[in-house]
1. Taking region 38-58 on its own, how many of its residues are over 28 Å from P130 (Cβ atoms) and open to solvent by 30 Å² or more (accessible area, probe 1.4 Å)?
2. If you go through region 42-54 one residue at a time, how many are touching a Pro at 6+ places or on another chain (Cβ under 9 Å) and more than 9 Å from the ligand (Cβ to nearest atom)?
3. Identify, from the list R35, R29, the residue that is more than 14 Å from the chain's Cα centre (by Cα), free of Cβ contacts under 8 Å to residues at least 60 places away in the same chain and surrounded by fewer than 17 Cβ atoms within 10 Å (Cβ to Cβ).
4. Please go through (1) within 30 Å of D7 (Cβ to Cβ); (2) β-branched (V, I, T); (3) surrounded by 13 or more Cβ atoms within 10 Å (Cβ to Cβ) for T134 and return the number of the only condition it doesn't satisfy.
5. Return yes or no: is Y61 within 24 Å of N102 (Cβ to Cβ), modelled with pLDDT under 95, open to solvent by 70 Å² or more (accessible area, probe 1.4 Å) and part of a helix (DSSP H, G or I)?
6. Would you point out the residue of region 1-23, among those that are within 12 Å of the ligand (Cβ to nearest atom) and modelled with pLDDT under 95, that is least open to solvent (accessible area, probe 1.4 Å)?
7. Here are some residues: I85, I107. Which one is under 28 Å from R35 (Cα atoms), β-branched (V, I, T) and open to solvent by 60 Å² or more (accessible area, probe 1.4 Å)?
Amino acid sequence: MAEHKADRGYFSSALGCRCPRCREGKLFRNPVTIRFKKNMQMNRECPVCGQPTEIEVGFYYGTSYVSYAVSVALSVSTLVAWWVIIGLSVDDNRFFYWLTFNAVFLIALQPWLMRVSRSLWISWFVSYDPDWETNHPVDVSERMNPDQANNW
Ligand SMILES: [Zn+2]
């Protein structure tokens, strides 16, 4: 049984919205788009290793906290970058220019951010399995209620 070495590390897999179990299959059906529904459509299970992408009812309910935390982290990064590159002063409006820039930046990033939040979320519950080719994913059918899937 040869150990399968993933091409991707944890972060490139999570940020690239890949299945956390095999780090190969894509979690989402379509490329990033500003059309909300199309953007958020997920593969029911990983097309490569069969890992279900929704492992219990309402699984992704907590992702708004993730996207909030990532937004805050990004804002801190752009503020620091702005401070280093452009500078900040109480004597002019540079801080408010940053505020505007940051708001536009975060809005432009929303489609990606919402997907990455889900990708990060599932990566905290499903761990990487180097032997995903021979092992089976954990059976989650008892935790799922098909009537309530995608219905929250
Ligand atoms: Zn997979």
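The values are calculated or read from the model by the stated rules, or taken from the named source; none is laboratory data. Note that this is a predicted model, so its numbers are computed, not measured. As a convention, Cβ positions derive from the backbone with ideal geometry for all residues, glycine included, and neighbour counts pool all protein chains shown. When the accessible area is computed, the model is the full protein with side chains, heavy atoms only, and any ligands, DNA or RNA have been set aside. Shrake-Rupley method; radii C 1.70, N 1.55, O 1.52, S 1.80 Å.
1. Qualifying residue count for the region: 3.
2. Result for region 42-54: 2.
3. The conditions single out R35.
4. Here T134 clears every test but (3).
5. no
6. For region 1-23, the residue satisfying everything is A6.
7. Answer to the selection: I107.
Okay, residues lined up against (1) farther than 19 Å from R29 by Cα; (2) out of contact with any His (no Cβ under 6 Å at 6 or more places or on another chain); (3) not in a loop (DSSP other than H, G, I, E, B):
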residue	(1), (2), (3)
V70	yes, yes, yes
V104	yes, yes, yes
M114	no, yes, yes
P130	yes, no, no
